[in-house]
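Notes for the one structure printed next.
The values are calculated or read from the model by the stated rules, or taken from the named source; none is laboratory data. Everything numeric here is computed off the predicted structure, so don't read it as measured data. Methodologically, a virtual Cβ is constructed for each residue, glycine included, from the backbone with ideal geometry; neighbour enumeration extends over all protein chains shown. The accessibility values were calculated without ligands, DNA or RNA, using every heavy atom of the protein model including side chains. Shrake-Rupley method; radii C 1.70, N 1.55, O 1.52, S 1.80 Å.
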Amino acid sequence: MADLILKPNLAQADDVYADLLAAHEGLSKEDSDALNARLILILANHIGDRAVLRAALDAARTAAPAG
Amino acid sequence: MNKIFEIPLYPYTRSPDQDAQTPARRKVVIVGAGPIGLAAAIDLAQQGIEAIVLDDNDKVSFGSRAICFAKRPLEILDRLGCGQEMVDKGVVWNLGKVFFGDRKVYEFNLLPEEGHQRPAFINLQQYYFEEYLVNRARALESEGAPIELRGQNKVLKVTDRGDHTELLIDTPEGQYTLEADWLIACDGAGSPIRAMMGLDFVGRVFEDNFLIADVIMDADFPTERWFWFDPPFNKGQSALLHKQPDGVWRIDLQLGWDIDKEEEKKPENVIPRLKAMLGEDVKFDLEWVSIYTFQCRRMEKFRHNRVIFAGDSAHQVSPFGARGANSGLQDTDNLVWKLKMVIDGTAPDSLLDSYDAERVHGADENILNSSRSTDFITPKSETSRIFRDAVLDLSEKYEFARPLVNSGRLSVPCTYDGSPLNTPDALPGGPARTRPGAPCPDAPLGNGFLLGDLGDRFTLLTIDAEAPDTLDESGITVIRLALSGADDATGALAARYLGDAKSAVYLIRPDQHVAARWDSFDETATRAAIRRATGQE
Ligand SMILES: Cc1cc2nc3c(=O)[nH]c(=O)nc-3n(C[C@H](O)[C@H](O)[C@H](O)COP(=O)(O)OP(=O)(O)OC[C@H]3O[C@@H](n4cnc5c(N)ncnc54)[C@H](O)[C@@H]3O)c2cc1C
């Protein structure tokens, strides 16, 4: 089982980030939320490892102060 | 023509127990002649144990209610002597279609595994299901089996007397008192017995209402299960269409939480909804209409001294996944052989605690599955709806998303992993599906099927292995069923019971669950496993 990678792992970080923003450009909040959800599901399937996904959920949950 | 659910099938007649000077004492009294109470009574009576069924009504279930019956309950009904009628009358289906908005997103085939006598599912109205059980009970009665159905016998009070339970019963001719060595409470989700005993029933209510309509129509919809998420004819909600025998169709329409139930049930409100769904020109008659809210909950314990709860009285699930009656039949399948052994004195009273352990485990599995289906079908937050819709959108295009679509995970039997009755697995290379605790999968054998040769007693199944033909241990006789590669023309037996092993010996319980398995016969180990499976170790 692979560990969740939390060290830099994107060779072209700025490009990837720009791709994300570009995909959402011009979308309503509703369409953006839907796109994000589809993206998460596609990536989750690609990762295909529940333990890694749970570690990712934990990392996401604890990265920002609770709202 | 009168509907079967309008005819009294077990009308009230006076029992001599009502005139007894001192209250009559009966071996097993069952409260409730629903599917679960009837199954319990048949199982007991065909094994020679007296079973008296009391019901406050005298007819089968009003309207269809349950319609989907899965393979495992059908196998249990085979053991009870009435599986064939159900399958002959029922509608077998394998294809399902899922719609989202105005488009079909995908279709699936249940693709049932080959080599089983019974289909994966049949659709059959609950009133037929109960009618066939009543017929079977009557047939047993006429053969002299100790079974009796008492209609219009309403239980008013139960009192725990330590070594028996006392019941106060109301009838059209007044009240009487009856004593029961054992009481099985199959009195449904609203269980008055549970309430009389002050027992809890906790869980989760789903804040949603569903309109359930059974309509009779000559329509050329195929024999498939159609499920809609957010269809144009029921915006923002879900819908289901499913076929039953006699040209009856089940329609479920989700209505939401803030509705006026009495208004919604009126034909003038139901008919336009159905027309919007079926088309203006389709002619149909309403057979039964009801509005439901769903709950998932269970009792903390199913056994309370000499009162044992089974079926909906013990646990309730939402209908998505058809786990209500299907799991209730697994309750009585689990309970009856244990109760018989305790009554016969061949096992200690504590064996009944394993009913609690095993069926609470089963109920939790069913509640988990049906809660998840309900959460998918009726998302409770904006975010859960966004994810749900994302899954549906993706499922049209990408195969990976289809297993995530949850319009009901169809009922499969529970494996009693971790049960105190199991002996640790000792069959290296054996298939996981037949590990100790698992229900035996069927397999073709010559002209018949394996499951027909199992059940009602302990069996030692040997495949290419030696063992004595019978074995007596602590008052229990175990009979060998000797099979070899020659009986297994299709290879299904080897695939399901041997895996990578060359030979196998299985100890199988009366409810067709695996208690222990080895690669060859070892007398000491087998004797220990028998004692363990009967609560004596
Ligand atoms: C809309 C709907 C769809 C469903 N679909 C499915 C499905 O597809 N598959 C499936 O497996 N399950 C399904 N179910 C669930 C199924 O109907 C129940 O799980 C099943 O009826 C439970 O059987 P039971 O014998 O435990 O209780 P019940 O059928 O409720 O029977 C209880 C009996 O006890 C009697 N009783 C109550 N109180 C007393 C008293 N004080 N004295 C004497 N008698 C009393 C009642 O008259 C009744 O006859 C569905 C349910 C609903 C509502």
Checklist entry - Alpha carbon centre of segment A:18-67 versus segment B:20-54: separation in Å? => result 57
Checklist entry - B:Asp17: net charge of surrounding residues, Cβ under 11 Å, Lys/Arg +1, Asp/Glu -1, itself excluded? => result +1
Checklist entry - To the nearest 10 degrees, how steep is helix A:13-24 against the longest Cα principal axis of chain A, on a 0 to 90 scale? => result 50
Checklist outcome for this item: Heads up, segment B:493-537 by the C-alpha gyration tensor (a ≥ b ≥ c square roots of eigenvalues; a/c under 1.5 rounded, else a/b over b/c prolate, else oblate) looks oblate
Item to check | In segment B:267-311, GluC sites (Glu not before Pro) in a DSSP loop with at most 13 other beta-carbon atoms within 10 Å | outcome: B:Glu280, B:Glu300
Checklist entry - Within segment B:149-184, which trypsin sites (Lys or Arg not before Pro) sit in a loop by DSSP and count at most 16 neighbouring Cβ atoms inside 10 Å? => result B:Arg161
Item to check | lysines with Cα under 22 Å of B:Lys301, excluding same-chain neighbours fewer than 8 positions away | outcome: B:Lys157, B:Lys338, B:Lys340
Checklist entry - In segment B:432-533, what percent of the accessible surface is made up of carbon and sulfur (1.4 Å probe, ligands and nucleic acids excluded)? => result 47
Checklist entry - What accessible area, in Å² to the nearest ten, does a 1.4 Å probe give for A:Leu53? => result 50
Checklist entry - Under a point-charge model restricted to the Cβ atoms of Lys and Arg (+1) and Asp and Glu (-1), what is the dipole moment magnitude of chain B relative to its Cα centre, in debye to the nearest 20? => result 680
Next on the checklist: Test of understanding: given chain B, find the longest segment containing no chymotrypsin sites (Phe, Trp or Tyr not before Pro) that are in a DSSP loop and have at most 16 other Cβ atoms within 10 Å.
Outcome noted: B:63-256
Checklist entry - When the accessible area of segment B:244-304 is split by element with a 1.4 Å probe, what percent falls to carbon and sulfur? => result 44
Next on the checklist: Using the Karplus curve 6.51 cos²θ - 1.76 cosθ + 1.60 with θ = phi - 60°, what ³J(HN,Hα) values do you get for each residue of segment B:442-449, in whole Hz, with x for Gly and Pro?
Outcome noted: 6, 7, x, 9, x, 8, x, 9
Checklist entry - Excluding ligands and nucleic acids, what accessible area in Å² is computed for A:Arg54 using a 1.4 Å probe, to the nearest 10? => result 130
Checklist entry - How big, in percent, is the set of alpha carbon pairs in the protein assembly as shown lying more than 35 Å apart? => result 47
Checklist outcome for this item: accessible surface per residue for segment A:27-67, probe 1.4 Å, DNA/RNA/ligands not counted, whole Å² -> 75
Checklist entry - How much of the accessible area of segment A:27-67, probe 1.4 Å, is carbon plus sulfur, in whole percent? => result 60
Item to check | Selection from B:Leu9, B:Gln244, B:Phe100 lying farthest towards where the dipole of chain B points positive, charges on Cβ | outcome: B:Phe100
Item to check | 1.4 Å probe, heavy atoms, protein only - residues of segment A:23-45 losing at least 50 Å² accessible area vs chain alone | outcome: A:Arg38, A:Leu41
Item to check | Set of lysines with alpha-carbon distance to B:Lys261 below 26 Å, sequence-local pairs under 8 removed | outcome: B:Lys3, B:Lys59, B:Lys235, B:Lys243, B:Lys275, B:Lys283, B:Lys380
Item to check | Protein heavy-atom accessible area occluded, A/B pair - total, 1.4 Å probe, Å² | outcome: 700
Next on the checklist: Given axes a ≥ b ≥ c from the Cα gyration tensor, I'd like to know whether segment A:27-67 is rounded (a/c under 1.5), prolate (a/b larger than b/c) or oblate.
Outcome noted: oblate
Checklist outcome for this item: With +1 on the Cβ of every Lys and Arg and -1 on the Cβ of every Asp and Glu, the dipole magnitude of segment A:27-67 about its Cα centre, in debye rounded to the nearest 20, is 140
Checklist entry - Is there a simple number for the mean count of other chain Cβ atoms within 10 Å of the Cβ of residues in B:389-399, and what is it? => result 3
Checklist outcome for this item: Net charge (Lys, Arg +1; Asp, Glu -1) of residues whose beta-carbon lies under 14 Å from that of B:Trp257, B:Trp257 excluded, is -3
Checklist entry - Which residues does a label at A:Leu43 reach in segment B:400-430, if reach means a backbone N under 19 Å from a point 7 Å past the Cα toward the Cβ? => result B:400-401
Checklist entry - Share of antiparallel DSSP beta bridges in the protein assembly as shown, in percent to the nearest 5? => result 70
Checklist entry - Accessible area per residue of chain B at 1.4 Å probe, in Å²? => result 39
